[in-house]
Amino acid sequence: MERNGTARFGRRDFLSAMAGGAGALLVGCKSSPGPAEAPAAAENADVTLRIGPTLVDIAKDHTISTIGYNGHVPGPLIRLREGVPVTVDLFNDTDTAELVHWHGQIIPADVDGAGQEKSLPVPAHGHLRYRLTPRPAGARWVHTHVTPMSDLSRGTYTGQFAFVYIEPKNEPGRYDQEFFLATHEWEPFFTTEEEEEEASEQPQKPPKKDEKPNGWEIGYQRFTINGKCLGHGEPVRVKPGQRVLFHFLNASATENIQLALPGHRFQVVALDGNPVPRPQSVEVLELGTAERIDAVVEMNNPGVWILGTPRDDDRGNGMGIVVEYANKTGAPRWIKPSKSPWDYTIFGENRQVPAPDEVIPMVFGKINGGTGGFNHWTVNGKGFEEQGGPRTLSKGKRYRLAFDNQTDDAHPVHLHRNSFELTNVHGKPVAGVMKDVVLVKGFKKIEVDVTPAGEGLTLFHCHQQLHMDYGFMMLFDVV
Ligand SMILES: [Cu+2]
């Protein structure tokens, strides 16, 4: 899809439900024109998501039965315009109530899609309609926000996720093609094996004598990008000399991942949809669960390549996609990237940030192997159920959330309905990097500043589904 087909589109032009083939590449085309001159009648919503059973052909002779949006995984690419209100229709064809969360948007709690915020649910076999005003611009996404607990066929273990791209008022630099790529894992199972973190970066503390062993972790059989195992979907087709903008989304329930494209570098231009002050070129991307990265790649190394995870086992099980130059054939090549630790601060500015009005310490803790063998997660010593209601924040005040991860696990923590500014990462001050998820690695500290954008309940939680469900949440109430 060449980038020349980008005439501005009218208010009702953007898609309500793009019907791409399951697992088709989500390329940056505008949807086929809708009824451009149709009146803003009640009958047609601007965005329609139908939640229901979906089959995903992730590989030849390998089909996953899951729940998805509009019969496809990922769901439709939803393009919106910043500040232009839309009507949303949600239909639920399943037997359980659902929550549809607009991740990364600054919108009221009732439509944000989180039960803890008392958002409107989509009833089982029911329908919900509301209006929302998309903002801010950039790569957002939509996903289910139900609580599956130990049921690995629900929640973010399913195929209920889709890109939301809110058109910026200014284009984020020149590019020739654009691709939306979402990673997701399938066939989850419980395991006692701990996720192998980057051993060199991940300090290990020996368990205390009286401590229970670590509880359940989640493993996966199959790994996909846009619903296809490596080699089973359409390749990313490029031409020499092109600048290709990739929108990456980690739509995993529990996995933090790295991605590399041998022979090429990623010019990172935005994190979680927000342009970074200093775009930088890196060899390896890292995305905690729910994080997004926009990166431009200059296609200057013709061949057939694998864009995938550096982890051989996971790539072998599907985590990758072929990048194919025009007129090039042969087996796709993989070259192991050099070890390059991800560092959020290289994209930021080196300047003083305003002092916060208040610092809120948030210490992350883990109680090994509790009820049913599940670890229990705490913020400041208390799991969500023990916290006794929301903590009040004042609109307009600048708060510093001081994350102190006192566990050996990495936590992709997310704040709803706001973007926050990274102000300190592992002791290094930084400014200007705006995000809504940040990955706090084992025994590390990160500080973020937030000035609450809107009144109402605002959920903070770890985006690792198992951590969230077993206590790793905290509720704010902005007044
Ligand atoms: Cu976590």
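Tell me, please, whether a residue that is basic (Lys, Arg), under 25 Å from the mean Cα position of the chain (by Cα) and under 28 Å from His416 (Cα atoms) can be found in the stretch 285-295. Looking for residues that are basic (Lys, Arg), under 25 Å from the mean Cα position of the chain (by Cα) and under 28 Å from His416 (Cα atoms), one finds at least one in the stretch 285-295, hence yes. When the residues of the stretch 457-468 are filtered to those that are more than 12 Å from the ligand (Cβ to nearest atom) and open to solvent by less than 20 Å² (accessible area, probe 1.4 Å), the one that is nearest to Trp216 (Cα to Cα) is Leu459. The residue pairs whose first member lies in the stretch 405-417 and is of a type in the set (Asp, Glu), whose second member is near the ligand (Cβ under 7 Å from one of its atoms) and assigned to a loop (DSSP other than H, G, I, E, B), and whose beta carbons are closer than 9 Å, counting only pairs six or more residues apart or on different chains, are Asp409/Gln464. Among the residues making up the stretch 412-422, those that are away from the ligand (no atom under 11 Å from the Cβ) and not small (Gly, Ala, Ser) are Leu415, His416, Arg417, Asn418, Phe420, Glu421, Leu422. When Gly372 is tested against the conditions (1) in contact with a Lys or Arg (Cβ under 8 Å, 6 or more places away or on another chain); (2) in contact (Cβ under 8 Å) with a residue 40 or more places away in the chain, the lone failure is (1). In this entry, Val430 is excluded by the filter for residues that are surrounded by 19 or more Cβ atoms within 10 Å (Cβ to Cβ), within 27 Å of Glu286 (Cα to Cα), within 16 Å of the ligand (Cβ to nearest atom) and of a type in the set (Val, Ile, Thr). Scanning the stretch 116-160 for residues that are surrounded by fewer than 18 Cβ atoms within 10 Å (Cβ to Cβ) and out of contact with any strand residue (DSSP E or B) (no Cβ under 9 Å at 6 or more places or on another chain) gives Thr147, Met149, Asp151.
Evaluating Lys60 against the criteria (1) out of contact with any strand residue (DSSP E or B) (no Cβ under 7 Å at 6 or more places or on another chain); (2) over 30 Å from Ile293 (Cβ atoms) leaves one unmet condition, (2).
Any residue at all in the stretch 435-447 that is more than 15 Å from the ligand (Cβ to nearest atom), within 26 Å of Thr147 (Cβ to Cβ) and surrounded by 21 or more Cβ atoms within 10 Å (Cβ to Cβ)? There is at least one residue in the stretch 435-447 that is more than 15 Å from the ligand (Cβ to nearest atom), within 26 Å of Thr147 (Cβ to Cβ) and surrounded by 21 or more Cβ atoms within 10 Å (Cβ to Cβ). With respect to Gly75, is the statement that it is modelled with pLDDT of 95 or more and open to solvent by 10 Å² or more (accessible area, probe 1.4 Å) true? Answer is no for this residue. Counting only strands (runs of 3 or more DSSP E) that sit completely within the stretch 310-411, those holding 2 or more residues that are surrounded by 15 or more Cβ atoms within 10 Å (Cβ to Cβ), of a type outside the set (A, V, I, L, M, F, W, C) and more than 16 Å from the ligand (Cβ to nearest atom) correspond to 320-325, 399-405. With respect to Phe179, determine if the residue is in contact (Cβ under 8 Å) with a residue 12 or more places away in the chain, surrounded by 24 or more Cβ atoms within 10 Å (Cβ to Cβ) and among the aromatic types (Phe, Trp, Tyr). Judged against the criteria, Phe179 is not a match. Meeting the requirement of 1 or more residues that are aromatic (Phe, Trp, Tyr), the strands (runs of 3 or more DSSP E) wholly within the stretch 65-105 are 86-92, 100-103.
The values are calculated or read from the model by the stated rules, or taken from the named source; none is laboratory data. Please read these numbers as outputs of a predicted model, since none were measured by experiment. Using ideal geometry, Cβ is built from the backbone for each residue, glycine included, and neighbour counts are taken over all protein chains shown. All accessible areas refer to the heavy atoms of the entire protein, side chains included, with ligands and DNA or RNA removed. Shrake-Rupley method; radii C 1.70, N 1.55, O 1.52, S 1.80 Å.
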